[in-house]
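The values are calculated or read from the model by the stated rules, or taken from the named source; none is laboratory data. Computed from a predicted structure; not experimentally measured. Glycine gets a Cβ as well: all are built from the backbone with ideal geometry, and neighbour counts include every protein chain shown.
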Amino acid sequence: MIDLILLNIATLGIFVILSLSLNLIAGYTGLLSLCHAAFYGVGAYTTAILMTKAHFTFLPSLIISGFIAAFFGFLIGLPNLRLRGDYLAIATLGFSEIVKNIFLNWDSLTGGPKGISEIPPPSIFGIKFSAYNKFQYLILIWIFVAITYFAIKRLTQSRFGRALEAIREDEVATLAMGIDVTKYKVFSFIIGAFFAGIAGSLFSVFIKVVVPNSFDFMLSIIILCMVVLGGMGNNLGAVLGATIIYFASELPKIFGISSLIPPQFNQIIFGLILVLMMIYRPQGIIPRKKIDYETNIVKEMKLRNKK
Amino acid sequence: MENFNFSTILQHFINGLTVGGIYAFIALGYTMVYGILKFINFAHGEILMMGTYISLIIYDVFLNYFKTPFLIFVAFIISLIIGICFGVTLGVSVEILAYKPLRNAPRLAPLLSAIGVSIILSNLAAFLFGTKSKKFQYPFDNTPITISGISISPNQLMILILSLILMVGLKIFIDKTKTGKAMRAASENQKVASLMGININRIISITFAIGSGLAVIAGVLIALDYKVYPTMGTMAGLKAFIAAVVGGIGNISGAMLGGIILGLLETFGTAVLGLPVGFKDIIAFGVLIIILLFKPEGILGKKTREKV
Amino acid sequence: MILLYTKGLRKVFGGLVAVNNVDFEVEKNSITGLIGPNGAGKTTLFNNITGMDIPTAGDVFFKGKIITGLAPYKITRLGIARTFQNIRLFKDMTVLENVMIGRHFKGTHPYLTKNSFINAILGYIYVKREEKDIYNNSMKWLDFFNLKDFANEKAKNLPYGKQRELEIARALATEPELLFLDEPAAGMNPKETEDLMNTIKRIKELGVTIVLIEHDMKLVMNICDKITVLNYGKKIASGTPKEIQNNPEVIEAYLGREDE
């Protein structure tokens, strides 16, 4: 029982990272990206390949996975940024399919439909992970959740984050403000993809098997639902959305009643969430955060004056 | 690499045109909706799928009673018509329930809603009809006719003829009839069109109806050659959307042109490049990326600048 | 001194010539009006100068240098700001945040790099200082427009007249030398228009050169040092308000010929 709880909390952590990173692209910058699972998959496969075939250790694999995923983020970002929102969505979808197709068919590198298995447990700073100790993984994953959260929070609560939101609100006006919109859009893809890659890397060592079907379009939609439900453009919202959706879909399994619910039920709920949220509460459960600049700045000035 | 002589090329050409015709039917639905609402109906493929399933089910029921070739063909036609009616109703209802409330919302909202509808419908179908694919019995003898090395099946012939009739018909409808003119006006400028007394809601419903109807026809044609399954709408829809983009989204002739081009590219591409089956779909996505990079407005599209 | 001028500027859309060989001049520290019937090409001219559109032919010179066809964000950084005919505020962001965006490419503490991304991750303390500068500067502009009390309101909740002012405040936050205003008085009542007039005068006092597209003749004649008139994409007159008022071609353009 404890084991099951640990497993779920650890997996939840991975989804929180995915949700936070997609929120940067979709929530803050307003880019409808339907290929987040592809970045996730790229990260997972990179780590899997590096650790099983090249015998890299975990931390270098993790970092490389992040950067390779970020590179893919750059690839999908750049040419598509001449496109409007709806075209971009389709292009990301197409990209996602191409990536999955590559996972499925490039047998020599990715192992084809079977994927890559027997990924070794990581060894970090001398601590060798036991393959069966879920608690260690949980700690590892949630450390990265914290890192991701703080990094993205810093980014979004700054000049950079404001620029992203301005782009979401009105690109033309943002250009008139002297901001290179294309550069920021590409950046947000790169950063979002980077963290998705990190999540993928963690997934790789945790689950120890990567197969193409784990990274399909439906997963991109699920992550999108997390962002939409929790609150687009709000980091806490992304965490909340991930938590709600993850447990809602896992609860039947946890309580052992999953055989009672038809498998399509979950996904129908996701679809309904998207439709209903858009019609009735597009800002999500937690709407955009109201930053009280005055208090922040005034407090800061008072502190300085005391010194 | 195959042996390339005239008859193989012609064969591929016919195959490509046939596939292209089907893509064109589906692409028309996307392009007409985009023309009026400037919005991509992600759920279009699922409407296709649902309508096809209904046709299949009714057809199977009829086949229990109708045994002669003539009656079987009649049963097919009736089932097709019922399927079309169902698809049209579904398409129009989806618009009213899930898209209409979002007509003035920021552009992401209707897209997400459409994605949601798409997911609901495909899973509903899996739940109602099972995930295993089903086969549609040919309502006629489909042995291919061979003329000097080129074979063409009656089904392919039917597709080509239907494509021609429906596309010419649609063109005439859009260009000459009052409703067609209203549709064109609405896609140019919705506000002004409504000020001229055009009932925009009615025009939008008609647009969805026509698009859905054509999609169901395409779906049944696909089902005859391959099979019916809950996610058949996704891939067909995606590729048809690519066809619409290639031809110029929002442009009806563009959708037809794009469909044909994509069909030909896929057929010739697989033959020339000798791709294994798994990679066939990559051609469509590759074409998409290329057109988005070099001419995103499509072959027949106009470069629209956002009005500042 | 001529701050900005266009030479033979021409913009063609398909078969339509929207701007037809226009030589447009703006004197430094002046308020220049750009008027003409609807569809005369005024906003198109604006768009071609500010980079939102690329001219088919002709050139634009700013402070003696060619700026034709530069990306809009680069033109803003050179010192040209603008407002839009249909107000383009960042609706879901607060009034204060809207102006803060105007400070984006300006707000850099000496220790920070130009790249706001690197700053955000690595330079926490300096980012705080940078935010303080941006905040103070933005509040200054809000004060100028008497919008300070609305600082934390969402831009979309402001009354129409104040939204227009906010858009101007935001443009001014970029510290331009040249400010293009596209129909700032549209939809305003006489009192609001008079307030706007005084605001524009105060902006001029700050040393900003202003170009104004407007239909409100009272405002234009009252406040402009020089007026250029466009009709069907062509410049038909240019001069002081008095000269323009008495120009027969201008009168014809607006009112039609007498014998019709």
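Observations
- Of the numbered criteria (1) surrounded by 16 or more Cβ atoms within 10 Å (Cβ to Cβ); (2) away from every other protein chain (no Cβ under 11 Å); (3) at pLDDT below 90, the one C:TYR111 fails is (1).
- Within the range A:157-190, the set of residues being under 27 Å from A:ILE141 (Cα atoms), among the small types (Gly, Ala, Ser) and at the interface with chain C (Cβ under 7 Å from one of its Cβ atoms) comprises just one member, A:SER158.
- Restricting attention to the range B:190-208, the residues being farther than 18 Å from B:GLY250 by Cα and in contact (Cβ under 8 Å) with a residue 24 or more places away in the chain number 1.
- Search result, residues across the range B:53-79 that are part of a loop (DSSP other than H, G, I, E, B) and of a type in the set (D, E, K, R): B:LYS67
- In the range C:9-52, the residues that are small (Gly, Ala, Ser) and farther than 11 Å from C:LYS235 by Cβ: C:GLY14, C:GLY15, C:ALA18, C:SER30, C:GLY33, C:GLY39, C:GLY51
- The residues in the range B:93-105 that are more than 7 Å from chain A (Cβ to nearest Cβ) and either farther than 23 Å from A:ALA91 by Cβ or surrounded by fewer than 16 Cβ atoms within 10 Å (Cβ to Cβ) (or both) can be counted, and the count is 8.
- Selection from the range C:45-76 of residues that are at negative phi and in contact (Cβ under 8 Å) with a residue 60 or more places away in the chain: C:LEU45, C:PHE46, C:ILE49, C:THR50, C:PHE62, C:THR76
- Scanning the range B:174-183 for residues that are more than 16 Å from B:PHE39 (Cα to Cα) and touching a residue at least 12 places away in the same chain (Cβ under 8 Å) turns up B:ILE174, B:THR179, B:ALA182.
- Selection status of C:ILE236, over 26 Å from A:LYS289 (Cβ atoms), among the hydrophobic types (A, V, I, L, M, F, W, C) and in a helix (DSSP H, G or I): no
- Filter result (of a type in the set (A, V, I, L, M, F, W, C), outside any loop (DSSP other than H, G, I, E, B) and surrounded by fewer than 17 Cβ atoms within 10 Å (Cβ to Cβ)) within the range A:99-121: A:LEU109
- A count restricted to the range A:50-70 and to residues that are touching a Gly at 6+ places or on another chain (Cβ under 9 Å) and either closer than 17 Å to A:SER96 by Cα or crowded, with 22+ Cβ neighbours inside 10 Å (or both) stands at 6.
- For the range B:154-171, the criterion of being part of a helix (DSSP H, G or I), polar (S, T, N, Q) and closer than 25 Å to B:ILE36 by Cα is satisfied by at least one residue.
- Residue in the range A:191-209 that is within 13 Å of another protein chain (Cβ to nearest Cβ), surrounded by fewer than 24 Cβ atoms within 10 Å (Cβ to Cβ) and charged (D, E, K, R) present: no
- Extreme residue, surrounded by the fewest Cβ atoms within 10 Å (Cβ to Cβ), among residues of the range A:143-156 that are away from chain C (no Cβ under 11 Å) and in contact (Cβ under 8 Å) with a residue 24 or more places away in the chain: A:TYR149
- So B:ALA126, is it surrounded by 19 or more Cβ atoms within 10 Å (Cβ to Cβ), within 14 Å of chain A (Cβ to nearest Cβ) and not in a loop (DSSP other than H, G, I, E, B): yes
- Scan the range B:18-52 for residues that are assigned to a helix (DSSP H, G or I) and of a type in the set (Phe, Trp, Tyr) and the total you get is 4.
- Residues located in the range A:74-110, provided they are of a type outside the set (Phe, Trp, Tyr), in contact (Cβ under 8 Å) with a residue 24 or more places away in the chain and farther than 23 Å from B:VAL245 by Cβ: A:LEU104, A:LEU109, A:THR110
- Qualifying residue in the range A:232-253 (condition: away from chain B (no Cβ under 14 Å), without any contact (Cβ under 8 Å) to a residue 24 or more places away in the chain and among the aromatic types (Phe, Trp, Tyr)): no
- Condition check for B:GLU188: under 17 Å from the mean Cα position of the chain (by Cα) and farther than 30 Å from A:PRO263 by Cα: no
- Residue selected from the range C:37-69 under the condition surrounded by fewer than 21 Cβ atoms within 10 Å (Cβ to Cβ), more than 17 Å from C:VAL26 (Cβ to Cβ) and in contact with a Gly (Cβ under 8 Å, 6 or more places away or on another chain), by the criterion nearest to the other protein chains (Cβ to nearest Cβ): C:ILE54
- Looking only at the range A:210-231, and only at residues there that are part of a helix (DSSP H, G or I) and small (Gly, Ala, Ser), the one that is nearest to the other protein chains (Cβ to nearest Cβ): A:SER220
- Test: residue in the range A:122-132 that is out of contact with any Gly (no Cβ under 8 Å at 6 or more places or on another chain), away from every other protein chain (no Cβ under 13 Å) and buried (at least 19 other Cβ atoms within 10 Å of the Cβ): yes
- Filter result (more than 8 Å from chain B (Cβ to nearest Cβ) and either assigned to a helix (DSSP H, G or I) or without any contact (Cβ under 8 Å) to a residue 12 or more places away in the chain (or both)) within the range A:278-288: A:TYR280, A:ARG281
Rundown of residues vs (1) surrounded by fewer than 23 Cβ atoms within 10 Å (Cβ to Cβ); (2) of a type outside the set (S, T, N, Q), yes/no style:
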| site | (1), (2) |
| --- | --- |
| B:SER153 | yes, no |
| B:ILE161 | yes, yes |
| B:LEU170 | yes, yes |
| B:GLY197 | yes, yes |
| B:ILE200 | yes, yes |
| B:ALA240 | no, yes |
| B:GLY254 | no, yes |
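- Yes/no for C:GLU167 being within 22 Å of A:ARG159 (Cβ to Cβ), surrounded by 20 or more Cβ atoms within 10 Å (Cβ to Cβ) and among the charged types (D, E, K, R): yes
- Meets criteria (in contact with a Phe, Trp or Tyr (Cβ under 7 Å, 6 or more places away or on another chain) and farther than 29 Å from B:GLY237 by Cβ) for A:LEU62: no
- Checked against (1) out of contact with any helix residue (DSSP H, G or I) (no Cβ under 6 Å at 6 or more places or on another chain); (2) on the phi > 0 side of the Ramachandran plot, C:GLY36 meets all criteria but (1).
- Residues of the range B:106-116 that turn out to be part of a helix (DSSP H, G or I) and facing chain A (nearest Cβ under 7 Å), as a count: 7
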